[in-house]
6 protein chains.
Amino acid sequence: MRTVVVTDPPRADAASARRLGELGTSTVHEAQGRTGYLGPTIRPVWSGARTAGTAVTALCWPGDNAMIHVAVEQCREGDVLVVATTSPCTDGLFGELFATALKVRGVSGVVLGCGVRDVAELRALGFPAWSAAVSAQGSVKNTLGAVNVPVVLGGQSIRPGDVIVGDDDGVVVVPRSTVGSILDAAEARTEKEARNRTRFGQGELGLDVYGMRERLADLGLEYVAHDDLEEE
Amino acid sequence: MRTVVVTDPPRADAASARRLGELGTSTVHEAQGRTGYLGPTIRPVWSGARTAGTAVTALCWPGDNAMIHVAVEQCREGDVLVVATTSPCTDGLFGELFATALKVRGVSGVVLGCGVRDVAELRALGFPAWSAAVSAQGSVKNTLGAVNVPVVLGGQSIRPGDVIVGDDDGVVVVPRSTVGSILDAAEARTEKEARNRTRFGQGELGLDVYGMRERLADLGLEYVAHDDLEEE
Amino acid sequence: MRTVVVTDPPRADAASARRLGELGTSTVHEAQGRTGYLGPTIRPVWSGARTAGTAVTALCWPGDNAMIHVAVEQCREGDVLVVATTSPCTDGLFGELFATALKVRGVSGVVLGCGVRDVAELRALGFPAWSAAVSAQGSVKNTLGAVNVPVVLGGQSIRPGDVIVGDDDGVVVVPRSTVGSILDAAEARTEKEARNRTRFGQGELGLDVYGMRERLADLGLEYVAHDDLEEE
Amino acid sequence: MRTVVVTDPPRADAASARRLGELGTSTVHEAQGRTGYLGPTIRPVWSGARTAGTAVTALCWPGDNAMIHVAVEQCREGDVLVVATTSPCTDGLFGELFATALKVRGVSGVVLGCGVRDVAELRALGFPAWSAAVSAQGSVKNTLGAVNVPVVLGGQSIRPGDVIVGDDDGVVVVPRSTVGSILDAAEARTEKEARNRTRFGQGELGLDVYGMRERLADLGLEYVAHDDLEEE
Amino acid sequence: MRTVVVTDPPRADAASARRLGELGTSTVHEAQGRTGYLGPTIRPVWSGARTAGTAVTALCWPGDNAMIHVAVEQCREGDVLVVATTSPCTDGLFGELFATALKVRGVSGVVLGCGVRDVAELRALGFPAWSAAVSAQGSVKNTLGAVNVPVVLGGQSIRPGDVIVGDDDGVVVVPRSTVGSILDAAEARTEKEARNRTRFGQGELGLDVYGMRERLADLGLEYVAHDDLEEE
Amino acid sequence: MRTVVVTDPPRADAASARRLGELGTSTVHEAQGRTGYLGPTIRPVWSGARTAGTAVTALCWPGDNAMIHVAVEQCREGDVLVVATTSPCTDGLFGELFATALKVRGVSGVVLGCGVRDVAELRALGFPAWSAAVSAQGSVKNTLGAVNVPVVLGGQSIRPGDVIVGDDDGVVVVPRSTVGSILDAAEARTEKEARNRTRFGQGELGLDVYGMRERLADLGLEYVAHDDLEEE
């Protein structure tokens, strides 16, 4: 691994990032063709956390948060700090003091492939955080990693400057180069979902809203009344 | 797998189902001889969710929620939708639009062996839901499964029309044919627990309430004062 | 296993235990040189639970809570009940009636390496509890274990009378013989953290607060402007 | 749970069971419409184990193998013993002495939802075994369960007398009532697979053997030469 | 997701790939600065499997192996097929018939983020395979994915044409653009390891071979004779 | 953590350790009252590995094997190296070069709570090893831990000089102070098992060998002929 800090990577548009955050993880994931989701193991540290911003990435050695200290300096207003480790680690590499430092810089949140601690304090601060674990386990600062290099987290490639969206459903990444088109698709989807919500709220069925009946019949779906079933 | 939708299966008595829901998962589980519990991996999607109803079952292919669309049409007031997958899957096969459609039909909740999404919206709707995961991962509608066939979820066999009870402790199933006797047993247990709660609240010990002292002594339990222990 | 109940083990000082509880799991873990943490799998049963006290230990057979009944009698005001099982078990060996009995005795909380049930009731009672699972699965009372013997939980050795501290970050154990010195170290650390919190709140960086810049450079950390990177 | 031993349940035909065993787990699973597989967590205890027979079921309390002792007496030549526990358990409830006793009775193997021990001895005896874990952890004999009642293992319902097939791919159950038709389907599938194996061995592609090309194109699959891709 | 098949991606040099395979996973992982390892969950399907080749990638929907059929046609002599799924899946998407088809084409092996079946047959064929699970669970062919697009597997980004090396230690990926330099580094490391092996075999210690003594002392490592320890 | 190397701890008797190794993990675990087993997650790295010896312990930071280098120097003929990490870690902290160095010193094997690499080489060397994972992931040597301090591994406390026994069933620890009595108990158990093996081999049942029939009947076990069952 090249132990490097890349400075001033280009960021996606901040207003677009904010708007994607309002639309939410699931909508954005759908809007980009069901890609980019960091999976069910990256969970909000406190219920109701919601944010979006541009990624600053840190790659840490397990049990070592030196590169988070380095990454903080690279963070600007509207960024989301994204922390991966070089191998599986549940330790709490991030806590209240980091959140305090990031809030001062206007950072919008943090996403960690490892653990987090000071959960009560993060909730009190209202600092949005997602992680794979909660752990009080403390860190050393002995081994180098990298900042603002591409990382893989939750099965997704994340590059510095990509948009990160997080809410109760988890976290999704939008590549910087596609933010504009994905935002358009997400807005369109949101409008369509609003229309569908109205229809579902009036008692319509997905079978009709999505025109599924004929296709399911073609695939061979049978309907049998319970009383006509031969009991096994 | 027979790709079939069974219509109009007989349901357990609705009032009995509701009352079992008031008594709660742990009490009902005890009342049926410590059976029927779907285990610790099926968790409430939002804290405080509580419901009961009669099962409508859907069996889905992983990553595919076509059969949930089919199942919604089979759901009536007082049902609980139960979704199993043919192999392990964490994808969010169920979300807000389904909840909207089910609420309109008077459905009491959903239990999923896979994932759920739109957690914030489900909480806001107050729609009770239990699942094995939270995941924004979206679904296709390409592969058939079955509706209202017996399914296995959380190590329990569930037949359409069985009673499903869910709360913060998880989910328990009561076979339709035994609902009456289990309700009686659960009521009796609840009364007994109330009496025991009073006794425990007055400082009595389980050793006495349950008459355990003699039996434990017979099994060979020794009491040794710490100061008489030879330190290892 | 010797099936024994050790009575009247010496306890750590109660006031020190309480104060360690106010300082919290992560601080105490750091104060004892990053040791004693029970790890990320032992989680609070309800968000916001916080306590501290002196350990009364119970070692149970899987699926069997007889020894918890025995242990309750050994608990005094200010104790925390610690329950380990002889092999992995998720069953809900502890619930509301035990909590009621323990509250009467002034017990400060419970930590379980297995499951817990009656989550809603524990939350309503405000009885602090940590566990590895939530499970409605009920217990028998057929097999002996031990009370107030040393146990291992979450990878930590716990002896009766040790101090147990729990909050949203999980649980830490402080050996009885070191409580005084660890409390001093924890107080010192809390003061230092307060000073650091102020500095971070004023925009200082960990790189400077902890004097890391030179060491990281010595280790070989490079800074490269993004625009000077050769794109892969 | 009713603590009962059901004696002399009807068994599926022994010769059919043996033949299903020769055809193997994956073929039988396919032949019954991709159902009945006990999943990837039930693994052979030694590589190359292979068997088939009629199920005798035992339902045990965690950490307790009393009901396996009871079940042995119910086993006949050509049976496979199937052991489930009432809640998750990794303990080694089964070992060499049980295997010795079962071999004498002509039993064909064992499938356990918990752990197994004496792995080296089982391999030396050539006694086929599948389990969810290997564990030396010993058992008590204090709590009743049931024998020859329906159990759920690996997400499948198993009734006494059903056919159990196991090999390196894991274990599949065939309901007794369908053994004849499933055997026919499995033989047909085996013949078809042999023909396909020949075709694949001659360099044909699944796209042609299964006639997939047109359907994939209809679904929208594009082919793009790498050199025509715009590089991201 | 763009449902596309990219044809004729450039491959890394075949001879270099073969040589990296001889050097093995752990050596190659070290040679590229401890990066590229697919982690401990991707395991050889049969003990002793060993291979290397250039990646052809397939991205499948869970429970659906249509894209593996498509990918086979894109495979050439010396390739290794790499299969990822869009969400977690343990199903056996790959088995003996695929292996037969790939062997005819001279393909060197397969790496799957999901499950595999026909384990006994793969071992008998000597077809090298790595996977996250063994599962007999069968697949449908209903949903599109992509072939020869970049995928993430085991926390690593893999591009078509990259070198894949697998042995009993698991799988490592070497980006195509760096194969030459990594091969040089791996050869150098192998020579150095041979020298060190000789030294270790003569009784030298890592403390001396790697010159660690002074640094560990500087870090504060103490040596205390057991008899000088104050017993806790 | 005190970063200390304790030299020359007293060891258990070497001949007793060897004999315990011949008796095997499961027998020794039973002989000490079903205690001391490191659980089902610590598995042999190669099938058939078997050893016993006196523990030299190393406590490492995750991702860092500096203390294994230190520990090697403390190992003597007949020792088994036991490696724990301060938090969960799957990295391959141990491989072929360490095994070479330990073999020269007459060390009997290694047990790791983390990962191991160079599996093929360890098997070829015949060096017995148990671990929680196989991983090629490499290590740094930057952070201190301790050698020959008590550690917890697999839920068991291990002190330097204790006896470690490993085979295909996993690993058990015998405290040094009890080795003599446990060896006697294990020999007695082995003789009893031999007698029981003979009886089981002659067709006797555990119900009779262990005199279980009356007790099970007292507990309420019923026998019901299948044909007398009312079918559900």
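In the set (1) assigned to a helix (DSSP H, G or I); (2) in contact (Cβ under 8 Å) with a residue 24 or more places away in the chain; (3) more than 14 Å from chain C (Cβ to nearest Cβ), B:Ser177 fails one condition alone, (2).
For the stretch A:211-225, check the following and say yes or no: at least one residue is surrounded by 12 or more Cβ atoms within 10 Å (Cβ to Cβ) and more than 30 Å from E:Thr85 (Cβ to Cβ).
Applying the first criterion (surrounded by 12 or more Cβ atoms within 10 Å (Cβ to Cβ)) to the stretch A:211-225 yields A:212-213, A:215-216, A:219, A:221-224.
Subsequent filtering for residues that are more than 30 Å from E:Thr85 (Cβ to Cβ) retains A:223-224.
Scanning the stretch A:211-225, I find at least one residue that is surrounded by 12 or more Cβ atoms within 10 Å (Cβ to Cβ) and more than 30 Å from E:Thr85 (Cβ to Cβ), so the answer is yes.
What are the residues in the stretch A:9-54 that are on the phi > 0 side of the Ramachandran plot and without any contact (Cβ under 8 Å) to a residue 24 or more places away in the chain, if any? Those that are on the phi > 0 side of the Ramachandran plot and without any contact (Cβ under 8 Å) to a residue 24 or more places away in the chain: A:Gly33, A:Arg34. The requirement of being β-branched (Val, Ile, Thr), closer than 15 Å to D:Pro88 by Cα and buried (at least 23 other Cβ atoms within 10 Å of the Cβ) is not satisfied by C:Thr54. Of A:Arg197, A:Arg159, all but one fail to be within 22 Å of A:Arg76 (Cβ to Cβ) and of a type in the set (Lys, Arg); the exception is A:Arg159.
Name every residue in the stretch B:84-105 that is touching a residue at least 40 places away in the same chain (Cβ under 8 Å) and either closer than 20 Å to B:Arg18 by Cβ or in contact with a helix residue (DSSP H, G or I) (Cβ under 9 Å, 6 or more places away or on another chain) (or both), in order of residue number.
Pass one, the stretch B:84-105, residues touching a residue at least 40 places away in the same chain (Cβ under 8 Å): B:84, B:86, B:90-93.
Correct list: B:Gly92, B:Leu93.
Checking each residue in the stretch D:55-74 for being in a loop (DSSP other than H, G, I, E, B), in contact with a Pro (Cβ under 7 Å, 6 or more places away or on another chain) and of a type outside the set (Gly, Ala, Ser) picks out only D:Pro62. Quick one: C:Val149 ticks every box in (1) assigned to a strand (DSSP E or B); (2) under 19 Å from C:Gly53 (Cβ atoms); (3) touching a Pro at 6+ places or on another chain (Cβ under 8 Å) except a single one, so which number is it? Condition (1) is where C:Val149 drops out. So is D:Val165 within 11 Å of chain E (Cβ to nearest Cβ), under 20 Å from E:Gly95 (Cα atoms) and touching a His at 6+ places or on another chain (Cβ under 8 Å) or not? Here the answer is no, as D:Val165 does not meet what is asked.
Residues in the stretch C:100-115 that are part of a strand (DSSP E or B) and facing chain B (nearest Cβ under 9 Å): how many? Steps first, answer last, please.
Residues of the stretch C:100-115 that are part of a strand (DSSP E or B), as a first pass: C:109-115.
Going one step further and asking which of them are facing chain B (nearest Cβ under 9 Å), we end up with C:115.
Going through the stretch C:100-115 one residue at a time, the tally reaches 1.
Test E:Val224 against the stated conditions and say whether it is assigned to a strand (DSSP E or B), under 19 Å from the mean Cα position of the chain (by Cα) and facing chain F (nearest Cβ under 10 Å). Here the answer is no, as E:Val224 does not meet what is asked. In the condition set (1) closer than 16 Å to E:Glu30 by Cα; (2) within 14 Å of chain F (Cβ to nearest Cβ); (3) of a type in the set (A, V, I, L, M, F, W, C); (4) surrounded by fewer than 19 Cβ atoms within 10 Å (Cβ to Cβ), E:Ala188 is compliant with all but (2).
I'd like to know if the stretch C:198-207 contains one or more residues that are within 23 Å of the chain's Cα centre (by Cα) and within 9 Å of another protein chain (Cβ to nearest Cβ). Within the stretch C:198-207 (the criterion being within 23 Å of the chain's Cα centre (by Cα) and within 9 Å of another protein chain (Cβ to nearest Cβ)), the answer is no, since none of the residues qualifies. Across the stretch D:7-54, what is the total count of residues that are charged (D, E, K, R), over 20 Å from D:Cys114 (Cβ atoms) and in a strand (DSSP E or B)? Going through the stretch D:7-54 one residue at a time, the tally reaches 0.
Scanning the stretch C:75-99 for residues that are under 23 Å from B:Thr198 (Cβ atoms), not basic (Lys, Arg) and not in a strand (DSSP E or B) turns up C:Cys75, C:Glu77, C:Gly95, C:Glu96, C:Leu97, C:Phe98, C:Ala99.
From B:Gly145, B:Gly180, B:Gly161, which residue is under 25 Å from B:Thr35 (Cβ atoms) and either among the aromatic types (Phe, Trp, Tyr) or surrounded by 21 or more Cβ atoms within 10 Å (Cβ to Cβ) (or both)? So that I can check it myself, show each step before the final result.
Numbers: B:Gly145 fails: under 25 Å from B:Thr35 (Cβ atoms); B:Gly180 fails: either among the aromatic types (Phe, Trp, Tyr) or surrounded by 21 or more Cβ atoms within 10 Å (Cβ to Cβ) (or both).
Matching residue, one of B:Gly145, B:Gly180, B:Gly161: B:Gly161.
Condition first: free of Cβ contacts under 8 Å to residues at least 60 places away in the same chain, at the interface with another protein chain (Cβ under 9 Å from one of its Cβ atoms) and not basic (Lys, Arg). Can you find one or more residues in the stretch D:139-155 that meet it? No, that holds for no residue. Residue count for the stretch E:43-81, restricted to those that are away from chain D (no Cβ under 11 Å) and of a type in the set (Phe, Trp, Tyr): 1.
For the stretch A:7-22, how many residues meet the condition of being surrounded by fewer than 23 Cβ atoms within 10 Å (Cβ to Cβ) and in contact with a helix residue (DSSP H, G or I) (Cβ under 8 Å, 6 or more places away or on another chain)? Can you show your working first?
To start, the set of residues in the stretch A:7-22 that are surrounded by fewer than 23 Cβ atoms within 10 Å (Cβ to Cβ) comprises A:7-11, A:13-16, A:18-19, A:22.
Still in the running and in contact with a helix residue (DSSP H, G or I) (Cβ under 8 Å, 6 or more places away or on another chain): A:7-11, A:13, A:16, A:19.
Number satisfying all stated conditions: 8.
Only one entry of A:Arg195, A:Arg213, A:Arg199, A:Arg159 meets the criterion of being among the basic types (Lys, Arg) and touching a strand residue (DSSP E or B) at 6+ places or on another chain (Cβ under 9 Å), and that entry is A:Arg159.
For F:Ala136, the stated conditions do not hold, so it cannot be described as in a strand (DSSP E or B) and either within 18 Å of the chain's Cα centre (by Cα) or in contact (Cβ under 8 Å) with a residue 40 or more places away in the chain (or both).
Computed from the coordinates by the stated procedures, all read-outs in this text should not be read as laboratory data. The structure displayed is predicted, hence computed values, not measured ones. Virtual Cβ from ideal backbone geometry, glycine too; neighbours counted across all protein chains shown.
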